[in-house]
1. For residues in segment B:116-158 being polar (S, T, N, Q) and at pLDDT 95 or above, which is nearest to B:H293 (Cα to Cα)?
2. Would you confirm whether any residue within segment B:4-14 is within 14 Å of chain A (Cβ to nearest Cβ) and either touching a Leu at 6+ places or on another chain (Cβ under 6 Å) or free of Cβ contacts under 8 Å to residues at least 60 places away in the same chain (or both)?
3. Scan segment A:342-396 residue by residue and report those that are of a type in the set (F, W, Y) and without any contact (Cβ under 8 Å) to a residue 60 or more places away in the chain.
4. May I ask you to say which residue of B:F326, B:F334, B:F299, B:F310 is under 26 Å from the mean Cα position of the chain (by Cα) and either within 24 Å of B:D192 (Cβ to Cβ) or in a loop (DSSP other than H, G, I, E, B) (or both)?
5. Identify the residue in segment A:16-28 that is in contact with a Leu (Cβ under 8 Å, 6 or more places away or on another chain) and surrounded by fewer than 22 Cβ atoms within 10 Å (Cβ to Cβ) and, among all such residues, is farthest from the other protein chains (Cβ to nearest Cβ).
6. Could you list, in sequence order, all residues of segment B:30-88 that are surrounded by fewer than 20 Cβ atoms within 10 Å (Cβ to Cβ), under 25 Å from B:E100 (Cβ atoms) and more than 14 Å from chain A (Cβ to nearest Cβ)?
7. Could you please find all residues in segment A:100-123 being over 19 Å from A:I140 (Cβ atoms) and β-branched (V, I, T)?
8. From B:D278, B:D251, grab the single residue that is in a loop (DSSP other than H, G, I, E, B), more than 13 Å from chain A (Cβ to nearest Cβ) and either out of contact with any Ser or Thr (no Cβ under 7 Å at 6 or more places or on another chain) or surrounded by 23 or more Cβ atoms within 10 Å (Cβ to Cβ) (or both).
2 protein chains.
Amino acid sequence: MGNTYTKLEQEFLEYYKQIESYAEAIKLIAWDLRTKIPKKGVKRRSETLSLFSQKVHELTTSDQMKTYIDQLRDSSNPVIRRSVELVEKEYNQSKKIPVEEYKEYVELTSQAESVWTEAREKSDFELFRPYLEKIVAFNIRFAEYWGYKEDRYDALLDNFEPGVTVKTLDQVFPKLRDDLSKLIQKVNDSSDKPNPEPILTYFPKENQEQFALKVLENMGYDFEAGRLDETVHPFAINVNHDDVRVTTRYDENDFRMAVFGTVHEGGHALYEQGLDKDLYDTPVCSAISMGIHESQSLFWENFVGRNETFWDQYYNLFLEYAPDSFKDIPKAEFYRAINEVKPSFIRIEADEMTYPLHIMIRYELEKDLINEKIEVKDLPKLWNDKMEDYLGIRPENDADGVLQDIHWSGGDFGYFPSYALGYMYGAQIRSALDQSVNIDQSIRNDDLSPIKKWLNENIHQKGSMKEPLDLLKEVTGEGLNPDHLVNYLEDKYQKIYNW
Amino acid sequence: MGNTYTKLEQEFLEYYKQIESYAEAIKLIAWDLRTKIPKKGVKRRSETLSLFSQKVHELTTSDQMKTYIDQLRDSSNPVIRRSVELVEKEYNQSKKIPVEEYKEYVELTSQAESVWTEAREKSDFELFRPYLEKIVAFNIRFAEYWGYKEDRYDALLDNFEPGVTVKTLDQVFPKLRDDLSKLIQKVNDSSDKPNPEPILTYFPKENQEQFALKVLENMGYDFEAGRLDETVHPFAINVNHDDVRVTTRYDENDFRMAVFGTVHEGGHALYEQGLDKDLYDTPVCSAISMGIHESQSLFWENFVGRNETFWDQYYNLFLEYAPDSFKDIPKAEFYRAINEVKPSFIRIEADEMTYPLHIMIRYELEKDLINEKIEVKDLPKLWNDKMEDYLGIRPENDADGVLQDIHWSGGDFGYFPSYALGYMYGAQIRSALDQSVNIDQSIRNDDLSPIKKWLNENIHQKGSMKEPLDLLKEVTGEGLNPDHLVNYLEDKYQKIYNW
C-alpha cells in the first residue's frame, strides 16, 4: 500500500486529520459520559459535544472538502482513491439533506431518547409513538434524498453495511429462519437439557473482573493501548487508534454478563487495535462496517469464549477466581450450562441460537415501516405476533417487547441487520480461519495468538479499503452463506442437547 | 449583578462560550492524560490537544473578538465591562508576541519539559541549562513586549497575580523571612520535639481513600459535581463548573500525602464549585488568581486539616480506617507528629513553617534572572547558597536543589510567588472568617458548612469581578499583611514545641 503522498494528498490528509481530532474529543467525551462523569457535569458537556459535532459536519461538507474530492478522485494512490470515495459518500449524504431539516431531526432524536427511556420504564408505547412516527417519516424522506435502486430501505442499510441490500438479506434470512427453527425444535424436544441453576450464584465483582482481565490479556488485547472500565451499557471505543477502551457491567449473581461481555467487547477492540499503523489518520483507517465489526466481537465471544475446548483449557483458571461452590460443578455440566438455549424476550440476553431470530423480527418491521406497508401504531401487536411466531413466546408488555431497544429512538433504521450479518460473517470467517489455524489446537496450546494474528492480517489491517461483501469473498472465497452458522450451531448443540 | 444582556452582549457571550467549550475539552483531555490514558494513546492525543489550543488562541485573538471588545468596553453591565477587561488583556498579551516567536517558544517549552525530566533523573543541571537559558531569554523579551512600570519581572508576575508587583512582594517578604527564621530557630532549639515515627507505618491505600472521601464530604465537596481519582502529581480541575474533579496520590507508608493532599485539592475544588451560577460561561466566572486559589487550598489543608480541634473531632473516625497500631498513639502525640517542622530540600514536602522560605528563594532567583543580574549557569550554586542561608541545609545534588520543580521548564516565571501570597492571603482570610464564624466551634459542632458558606459568599461567588488585592481588602479590611500568618504559626507552634 502506498505510503508516499503528493503535496496535495498530504494537504488533504492534514485537513482530514482535523476531523479525526474532533472525533477523538467526541469519543473521549462519550467514554467519560458513560463511565466517569458526575451527573451535574452532563449538561454543559453536552453543549461542547454538540459544538464539536457541528465542527465535524462543517469540515465534512465544506467547499474545501469538495475541492479535495474533485482533485484527488483519480489519484494514482489506492489509499487516497478509496479515502476520497469514503469522504465523498459522507459529503453527499450530508449535502443531500436540507440543513434545517437535519437540525430538526437532531433535536427530535435527542428528545426522543429520553422519551423512550421514560416509555420503557413505564412500559407505555403510546408515550413514544408520536416521536417514533416522526422519526420514521424523517427516515423515509432521507432515504428518498439519498436514493436507492430497488428498495427504499436499501438507502438506510447502506449507512451501516455498504453494498448490502434487501435483496441480499432476503436471499438468506428466510432459510436461516427455517434452519434455526428446526434446531430450536430439537432443543425444545430434548430430554437432556443443561441446568444453569448452579452457575447462577454470588460471584464477587472484583473476582469477575480479574478473570475477565486474564482472558482479555490472553486474547492479545494490548493494555498499553487500552483499559477496562465499568458502565451500564457496555461498549468498546477507539478514542484514538492507540487508545481503544473496553467497558463491561457486572451482575454479581450471573458472572456470564461480565465475562462474555468483556470477551465480546474485547473482540471489537482487537479489530480497532489491529488497524494498519501506516493508514493512521486516513479515512480508510476504520472498521469496514458494523457487520464486520460484530463478526469480530461474536467470533471471540461465541467461537472462542463459549467453546468447549476453551473451557477444557480455562476452567481451572476460572475456578481460582470463582466462589468455592463452583468446584462442585463438573466441567462438562458447566460448559452445558453456559450454553443453555431458551427463547426469551430480550435480545441482548438471548442465547446464540435464538439471537438471529430477534434480529429478523426487527428487520422485517423496519423494512415494512420504511416502505409504508405498516404503521407505527400497529408495532406493538406486530412485534408480539412475530415473537410468538418465531420464538413461541409472547411478551406481556411493551418493555419486554417493542420498547426494549434504544436504536429507533436515535433514528438508527438499518442498523439491526448488521448484528445478524456479523454473526453469519463470523461463522464464515471461522470456517476459513480454522483451515489455516486450528482453533481448538491453538486453545489447547494455551496460545490464542495465531487466531488473533490471522484476524489481524486478513481482516483488521485492511481497514476500509474494501466493502464488506468484497472482503468476505476475499477472505472466505464465497459470498454471504448462512450454512456456516447453521452447521456450527448444529454441530455444537447436538452434543450439548444430546439429540 | 446584572444578568440581562443586550443582543450584542449575548452574541459576545455566545462567542466566548466556544472558547469555554474548547477549554472544557482541553481540561478533560488533561485530566485523562494524568489519570486514565493508556500510554500509547498519548502521542495522538497530544496532537488533538495542540489543535484545540490553537483554536482557543484563534478565537481569543480574532478580529471578531477585537470588535466585541471595542463595542462593549463601555457596557452599562458591570459583568460585561469586567469580562471585556479580562478578554482584552488576553487579546493584548497574545497579540504583542510575534506569531513565529510564540510558536518557537511553544516548541521549546514542550521539548524542555522532557529534557528537564531527564536532567532531574540524572541530577544533571548542565543537560537542562541550554534550554533554560533560551526560556529565560524568551521571557525577558515577552516582558518587554508586554511592558511594565517599574520592574521587568512585574510583567510576568501579572500573568499569575494581577496587580501584584515586585514592590508589593519586597514590602512583605524580607520581614516574613526574618519572622519565620526566628520561629524556626525556636523550633530547632526546642527540647520537646514531636516524633513522627509512629505515624509512618503501613496504611492500606483503600482505607486512606475512604477516610479522605469522608473528609471531602464533610467539607461540603459536591460529589454529584466531581469525583476523586488517583494520579502521580495531584491536582484539582474544573472540567466544567459542574464537574470539578480532584486527584490524589497514596504513599502506603505515609498517609499524610493522601489525606492532606486530598484536603488541599478539595479546597481548590470548593472554590470552583462555589462560583456563581449566574456567571457561568462568562469570562468573569473563573478563579481570580493563582494566589487566591492557593489561599483556598491552604486554608483547608492547614487551618482546618492540621488544626488541633479538627483532630479532637476526627481522631476517632480516623482510627476506624487506620491500622491498629495507631490506637496506641495518644491523640496529642498524633497531632504534634503531623505538624513536625523540619527544614528539608523539597518544596512540595515542606512543612507549613519552612514552606514560604522555599518560595522566597525561587522568587529572588527568578527576579534576578529576568533582570539579568544573575546568569542561568550560576543557578545551582546560588540556589544551594540560599538554601543554606535560609534553611540551614545545603542540597548535595541538583535533583534535590535547582532541578526539583517543573515550572521553569514550562516557562512559568512569575508563578512561584503565588504560593507564598496564597498562604498569606489564606491567613488573613482566616482571621476575617474567624470573626464571623468561629472555626474551632464549627469543627466541634461537627459542621464545617458555616466555614464553606462564608468562603462561598465572600470569595468564591465573586469570580474574577475584582483583582486579588482589591478582593483581599474588601474581605479582610486591609492590604497584604504577613503578620496574620506569622501570628498563626507562632500561636500554633509554641504549643507544639513548648517554647
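1. B:N139
2. Yes, segment B:4-14 contains a residue that is within 14 Å of chain A (Cβ to nearest Cβ) and either touching a Leu at 6+ places or on another chain (Cβ under 6 Å) or free of Cβ contacts under 8 Å to residues at least 60 places away in the same chain (or both).
3. Of everything in segment A:342-396, those that are of a type in the set (F, W, Y) and without any contact (Cβ under 8 Å) to a residue 60 or more places away in the chain turn out to be A:F345, A:W383.
4. The match here is B:F310.
5. A:I19
6. Selection gives B:H57, B:T60, B:T61, B:S62, B:D63, B:Q64, B:K66, B:I69, B:E88.
7. A:V115, A:T117
8. Just a single option satisfies the conditions, and that option is B:D251.
The values are calculated or read from the model by the stated rules, or taken from the named source; none is laboratory data. Since the structure is predicted, the reported quantities are computational estimates derived from the model, not experimental observations. Please note: Cβ atoms are built from the backbone with ideal geometry, for glycine as well, and neighbour counts cover all protein chains shown.
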